[in-house]
Amino acid sequence: MNSTFMGIEIGKKGLLAHQQALHVTGHNISNAANEEYSRQRVVITASDPLYVPALNRANQPGNIGQGSEVAMIQRIRDEFIDDRIMVEKQAFGYWKARNDFIYQIEMVYNEPSDQSIRSRLDALWEGFQELSKYPEERSTREVVKEKAIALANEVKYVYGKLYELQKQANMQIGHTVAQINEYGQTIRDLNERILKAEALGDNPNDLKDKRDALIEKLSQLVNINVSRTDKDELIVYIAGENLVQGEVFRPLVALEDSNNNGMFKVLWKQTLTDVNIQSGELAGLISIRDEVLRQNINDVNAFAINLTDLINEVHRDGFGKNNQTNNNFFKHIAVSDNVEGNFDLNNDGINDVTALFKISGNNKVDASAAIGITGTLTFMKNNDLDQEIKINYYATDTLLDVIKRVNDAKIGIVGYINHNSQVAFKATIAQDTDKKNFIIRHLEDSGQLLVGYAGILKESGPQGAFDYRRVDDIRKIIASREHITITPMFNPASYMDIDDAIKYDIDSIAAAKGKDLGGTGDVNTSNGVGDGSNALAMAALKHKHAMIDSNATFNDFYTSLISRIGSQGEEAKDRISSQETLLKNLANLRESVSGVNLDEEMANMVQFQHGYNASARVIAMIDRMLETIIKLGQGV
């Protein structure tokens, strides 16, 4: 039968249940400003009744209630919203990293302003123009020298700042990997603590909040997804591979990559295999370092080497006021001291390639006349496959037709007709590795176009082909050495400067053209100090499509570079704005589910307070009833 004190027990349970509910309400209120906190709710259920149906039960009405108890403290959380936020955070992190660096790149170019490459280049063209009018004046020569120095310094400055940004992005990649490991280790530790708490029957809601907050922070760094299907272990994946599985953590590591100029490569520490990074800040940093900054650095290098080469090409044909000729205007520092162009590309101490940047033919040609011969040109695409590309030419083609066909193929080599009406080929930026920038990879002709017609190769067919993978292959070139330019030292923008002969003697600036006296077949005598025709030819390069692979003038090429980075910046800003709006809406949606509503908590507090007071009054009433019974027993 029922205990005499059963009513007190029921009242006690009511007190404890409502007391626990008040504690949880207080916990909610104290965490109302905590953005990582999820609202908790006490689930109060009826205790199991007495006398369930059975043959040996007491012969009295059964299923007598025993009051209430706290079944659980429930954490209010919508995992679907969490997963949506996690995905959008990855996109936000990617575009945020890009935006931060693109903004700095825009500051480096400093456009539009008087202190920029474009303004310095325009000043140099104007200097050459003035020199062509007054070649005998020392002041105009001094202006050309100073404008050239200012341009070279600006190019070096821009290169230096871009390279610093690339190193900074690389350092941030290392720091981000360390942060991912820190978050991963902490999530693993929380998994262990949560598992132990749940094994004891507890609901470690606050630990789960901390874990979810870390997962959200981690999602902004790298592309992750989370599996919660196994109640005993939470799994965090990066592109399908486990970063954290329950109590097991697989760290990442950032190691220097010799194939990428010593920049960090992100690997799994245990297996040293590549991590498939697709989004998040880490992907954004890698994209900035290996794509955006690499492209900008290479474009500045291409600008520097092409400007240097084209101006030098014209300048060498002219004469200075001191009658000197065949001098460079800008310095050209070859990648190798070897006069044959032999170079140790793989750094094993042995020359293994022939590195040539430009080859001009010996013969003057009429670019608009039909060539009258047929054959096939074979080149090698400048990617890691070194695939052969064949371009046919026909008797009815002009040289301009053939050159256009070559340039449209985008194979890493471009052709053009130089100022001496000679066919010339030069290398461009490599697609595989920066070490192979500005290296002609393969030249072969099955016919006579590059052999007898243009005067570049000694022999047609495979046996006469030039291939950079062989040393001493310069011997396959019939063009004279003055028509061959060895590949420049890495990053020509970093050391751009005027030639020492001009730096220390401005009379060496070749403003005048020359003439052939004595019928030697070579220009050997200056037209005189009053001739500025060679300076005018250098000034005319402003309007020449000198950036052959882009079919643009120097100014147009630089303008397109600035426009591209501006467009990338606008895209990044637009994407960030879009992601911020989306994340704000998702955060509001989550707040409506998991956030603490103080008005609601105050109402709950009043409700639980009344419940507590009512339970206390039940105990007091039972106590009075018992007191009456006791007094009856005492005969009072």
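With a 1.4 Å probe and every protein chain left in place, work out the accessible area per residue of the stretch 129-261 in Å², rounded to a whole number. Numbers along the way, then the final one.
Details: 6340 Å² over 133 residues.
Result: 48 Å² of accessible area for each residue.
Starting from the amide H of Met380, placed 1.01 Å from N in the peptide plane, find each other amide H under 5 Å away whose residue is 5 or more places distant or on another chain.
Those lying under 5 Å, H to H, from Met380 are Ile389, Arg441, His442.
What's the magnitude of the charge dipole for the stretch 474-623 around its Cα centre, counting Lys and Arg as +1 and Asp and Glu as -1 at the beta-carbon? Answer in Debye, nearest 20.
Details: 14 positive and 20 negative charges, 110 e Å.
In debye, rounded to 20, the stretch 474-623 gives about 520.
Amide H of Gly447 versus every other amide H placed in the peptide plane: which residues, excluding those fewer than 5 positions away on the same chain, fall under 5 Å?
Thr376, Gly461
If I fit a long axis through the Cα atoms of helix 138-199 and take the longest principal axis of the Cα atoms of the chain, what angle between them do I get, 0 to 90°, rounded to 10?
20 degrees
Going from the alpha-carbon gyration tensor of the stretch 135-211, what semi-axes, largest first and in whole Å, does one get by taking the root of 5 times each eigenvalue? All intermediate terms of the calculation are to be shown ahead of the outcome.
Values: eigenvalues 864, 15, 3 Å².
Over the Cα atoms of the stretch 135-211, the ellipsoid semi-axes are 66, 9, 4 Å.
Amide H neighbours of Tyr134 under 5 Å, counting only residues 5+ apart in sequence or on other chains, H built in-plane at 1.01 Å?
Under 5 Å from the amide H of Tyr134 lies no amide H from a residue far enough along the sequence or on another chain.
Would you kindly derive the ³J(HN,Hα) couplings of the stretch 338-348 from the backbone phi angles with the Karplus curve 6.51 cos²θ - 1.76 cosθ + 1.60 (θ = phi - 60°), listing them in order in whole Hz, with x for Gly and Pro?
Result, rounded to whole Hz: 6, 5, 8, x, 5, 8, 8, 6, 9, 6, 9.
Give the percent of DSSP beta bridges with both residues in the stretch 220-376 that are antiparallel, rounded to the nearest 5. Spell out each step's value before the answer.
Working: 20 of 20 bridges.
For the stretch 220-376, the DSSP antiparallel bridge percentage is about 100.
Give me the angle, in degrees from 0 to 90, between the Cα long axis of helix 554-594 and the longest principal axis of the Cα atoms of the chain, rounded to the nearest 10.
Value to nearest ten degrees: 0.
By how many nm would the segment from Glu79 to Lys269 lengthen if fully extended, with 0.36 nm per residue of separation less the alpha-carbon distance?
65.4 nm
In what sequence, highest mean first, do 607-617, 481-491 appear when ranked by Cβ atoms within 10 angstrom? Numbers along the way, then the final one.
Values: 607-617: 15.5, 481-491: 18.9.
Packing proxy ranking, top to bottom: 481-491, 607-617.
Could you grab the relative contact order for the chain? Cα pairs under 8 Å, six or more apart, rounded to a whole percent.
Relative CO of the chain lands at 20 percent.
Rounded to whole Å, give me the distance from the Cα center of the stretch 465-534 to that of the stretch 91-116.
38 Å
Given the -39500 (n - 2.57) contribution per DSSP H run of 4+ residues, what per-residue ellipticity at 222 nm results for the chain, rounded to the nearest 500 deg cm²/dmol?
Details: 12 runs with 283 residues, N = 636.
Mean residue ellipticity at 222 nm (helix-derived): -15500 deg cm²/dmol.
Quick check: net charge around Tyr504, other residues with Cβ under 15 Å of its Cβ, Lys/Arg +1 and Asp/Glu -1?
Counting the neighbours of Tyr504, the net charge comes to -1.
Output ³J(HN,Hα) for the stretch 494-501: one whole-Hz value per residue in order, computed from phi by the Karplus curve 6.51 cos²θ - 1.76 cosθ + 1.60 with θ = phi - 60°, and x for Gly and Pro.
So the J values, rounded to whole Hz, are 6, 10, 4, 6, 6, 5, 4, 4.
With just the Cα atoms defining each centre, how far is the stretch 285-304 from the stretch 332-379? Give it in Å.
Centre-to-centre distance over Cα atoms comes out at 25 Å.
To the nearest 20 debye, what is the magnitude of the charge dipole of the chain about its Cα centre, counting +1 on the Cβ of each Lys and Arg and -1 on the Cβ of each Asp and Glu? Each step should come with its number before you reach the end.
Numbers: 68 positive and 88 negative charges, 181 e Å.
Dipole magnitude for the chain comes out near 860 debye.
Hey, what angle do you get for helix 293-316 against the long axis of the chain, alpha-carbon based, 0 to 90 degrees rounded to 10?
So the helix axis and the longest Cα principal axis differ by about 10 degrees.
Could you sort the peptides 209-222, 78-91, 248-261, 315-328 by per-residue average Cβ neighbour count (10 Å cutoff), highest mean leading? Mind showing how you got there, number by number?
Values: 209-222: 21.4, 78-91: 17.9, 248-261: 15.3, 315-328: 19.6.
Peptide ranking by packing, descending: 209-222, 315-328, 78-91, 248-261.
Shape call for the stretch 356-437 from the C-alpha gyration tensor, a ≥ b ≥ c root eigenvalues: rounded (a/c under 1.5), prolate (a/b greater than b/c) or oblate? Walk me through the intermediate numbers first.
Numbers: a/c = 2.77, a/b = 1.58, b/c = 1.76.
Oblate shape, in that a/c is at least 1.5 and b/c is the bigger or equal ratio.
Percent of Cα-Cα pairs per 10 Å bin, from 0 to the last occupied bin, for the stretch 260-377, please list those.
9, 21, 26, 24, 13, 6, 1
For Met625, what accessible surface area do you get with a 1.4 Å probe? Give it in Å², rounded to 10.
100 Å²
Just need log10 I(q)/I(0) for the chain at q = 0.05, 0.07 Å⁻¹, Debye formula, equal scatterers on the alpha-carbon atoms, no solvent, rounded to two decimals.
Here the Debye-derived log intensity ratios amount to -0.43, -0.64.
For the chain, which whole-number percentage of the solvent-accessible area (1.4 Å probe, protein heavy atoms only) is attributable to carbon and sulfur atoms? Before the final figure, lay out each step's value.
Numbers: 15140 of 30180 Å².
Here it works out to 50 percent.
How are the Cα pair distances of the stretch 274-334 distributed, in percent, across 10 Å bins from 0?
20, 28, 18, 15, 12, 6, 1
Can you compute 3J(HN,Hα) from phi for each residue in the stretch 223-235, using the Karplus curve 6.51 cos²θ - 1.76 cosθ + 1.60 with θ = phi - 60°, rounded to whole Hz and x for Gly and Pro?
For the stretch 223-235, the Karplus-derived couplings read 6, 10, 9, 10, 10, 10, 5, 8, 5, 8, 7, 9, 10 Hz, x marking Gly and Pro.
The values are calculated or read from the model by the stated rules, or taken from the named source; none is laboratory data. Note that the coordinates shown come from a computational prediction; the quantities given were computed from them, not determined experimentally. Cβ sites come from the backbone with ideal geometry, for glycine too, and all protein chains shown count toward neighbours. Accessible surface areas use protein heavy atoms only, side chains included; no ligands, DNA or RNA. Shrake-Rupley method; radii C 1.70, N 1.55, O 1.52, S 1.80 Å.
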